[in-house]
There are 2 protein chains.
Amino acid sequence: MTARGITEPAFLVLTALADEARHGYGIVGEVERLSGGRIRMPVGTLYGVLDRLSGDGLVELDREEVQQGRLRRYYRLTEAGAGALDAEAARLAANVRAARERLRARGLARHRPAWEGGGPA
Amino acid sequence: MTARGITEPAFLVLTALADEARHGYGIVGEVERLSGGRIRMPVGTLYGVLDRLSGDGLVELDREEVQQGRLRRYYRLTEAGAGALDAEAARLAANVRAARERLRARGLARHRPAWEGGGPA
DNA sequence: CTGATATATATCGGTGGCCGATATATAGTG
DNA sequence: CACTATATATCGGCCACCGATATATATCAG
């Protein structure tokens, strides 16, 4: 692998579908909800992501409903999708851990008292 | 914000520079090391990332050295860079938390015993 | 000496994902 | 009648990624 696993929009869609099947517009709302309102998913992004995830077998069509004259197309996570989400979560968690370790080391270095000595010379 | 903060390659470069200044090739090795050998950073990616991070004031040139006839250009993290890395780590951690919560909920649903009732019909 | 490998820099162009804009349709509201 | 909300979908510009390529020095094998 190079640097990238699945993309962040894809990760968020998988997350939104992890607990139950949702339709497109519902995913948009769920992503906004689960991020505490910090992340909005543009619909122009959503359908491309959904197509790619479908092609990779990570999500699949669950059912179609008509609510008040409007079509709702529901998607659900596959087992492979759940596995991919879990694996990506582990990958990201490892990145976060590494960053925080080093950030902590940096903080310590910048606060290191003079008597611990050494210095650049 | 839409979905994306800083990119993953940028995140990894910032992480590699968090504890001490490093030169390009050294960053490549450090990313591989801190990821346990799972992530390799292509040099074609590195310099673009470094340029962008410099432009955003998240990293800056530390010094230049000549070791055995080869030029080494060292970069260091700025305060803004440390802040950006910390913020992005928090963002990713929140994503991971959300994914794992829902994944756990899904697992529970799929193992729910029959006597809890309902079911599809 | 020649070729291959490792270190070290940098550029370029193809590919692909993101997302704003746009289109279509129904329902409710001012 | 216009506007907003819900709901679908497509298209195209932009930009980041990264493989390929180029340049240069040091070392080692044949």
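The values are calculated or read from the model by the stated rules, or taken from the named source; none is laboratory data. Treat the numbers as computed from the prediction; the structure is a model and nothing was measured. Neighbour counts are summed over all protein chains in view; Cβ atoms, including those assigned to glycine, are modelled from backbone coordinates with ideal geometry. Side chains are part of the model used for accessible areas, which takes the heavy atoms of the whole protein and leaves out ligands, DNA and RNA. Shrake-Rupley method; radii C 1.70, N 1.55, O 1.52, S 1.80 Å.
Shielding value for B:44-54 is 0, the average number of Cβ atoms from other chains within 10 Å of each residue's Cβ. Fully extending the segment from B:Q68 to B:A21 would add 15.0 nm, taking 0.36 nm per residue of separation and subtracting the current Cα-Cα distance.
Taking all protein chains as shown and a probe of 1.4 angstrom, A:H23 keeps an accessible surface of around 30 Å². Peptide A:7-20 has a mean shielding of 5, counted as Cβ atoms of other protein chains within 10 Å of each residue's Cβ. The dipole here belongs to chain A: it is taken about the Cα centre, uses +1 on the Cβ of Lys and Arg and -1 on the Cβ of Asp and Glu, and is about 760 debye. For chain A, the relative contact order is 25 percent, taking Cα pairs closer than 8 Å that sit 6 or more residues apart in sequence and dividing their mean separation by the residue count. Label-point spacing at B:R76 relative to the other copies reads 5.7 nm, in ascending order, each point sitting 7 Å out from Cα along Cα→Cβ.
Peptide B:82-95 has a mean of 5 when you count, residue by residue, the C-beta atoms of other protein chains within 10 Å of its C-beta. Here's how it looks for A:D62: its modeled amide H is under 5 Å from those of A:Y74, A:Y75, A:R76, which are all 5 or more places away or on a different chain. Residue-wise HN-Hα couplings along region A:64-73, as the Karplus relation 6.51 cos²θ - 1.76 cosθ + 1.60 with θ = phi - 60° gives them from phi, are 10, 10, 10, 10, 6, x, 9, 6, 10, 9 Hz; Gly and Pro carry x. Once you divide the Cα radius of gyration of chain B by 2.2 N^0.38 Å, the number left is 1.53. The three principal axes of the C-alpha atoms in the protein assembly as shown carry coordinate ranges of 77, 36, 30 Å, sorted with the longest axis first.
In whole Hz, what ³J(HN,Hα) sequence does region A:18-30 give by Karplus (6.51, -1.76, 1.60; θ = phi - 60°), x for Gly and Pro? Karplus values, whole Hz, x for Gly and Pro: 5, 8, 7, 5, 9, 8, x, 4, x, 5, 3, x, 5.
Relative to the Cα centre, the charge distribution of the protein assembly as shown, modelled as +1 at Lys and Arg Cβ and -1 at Asp and Glu Cβ, gives a dipole magnitude of about 220 debye. Restricting the calculation to Cα atoms, region B:33-78 shows an Rg/Rh of 1.03 when the hydrodynamic-style radius is the Kirkwood one. Of all residues in chain B, the one whose Cβ lies closest to the rotation axis carrying B onto A, together with that distance in whole Å, is B:L92, 3. Rounded to the nearest 20 debye, the dipole size of region A:31-99 about its Cα centre is 360 debye, using +1 on the Cβ of Lys and Arg and -1 on the Cβ of Asp and Glu. Considering only A:H23, A:L85, A:Q68, the residue lying farthest towards the positive end of the dipole of region A:8-110 is A:L85, judged by Cα position with unit charges set on Cβ.
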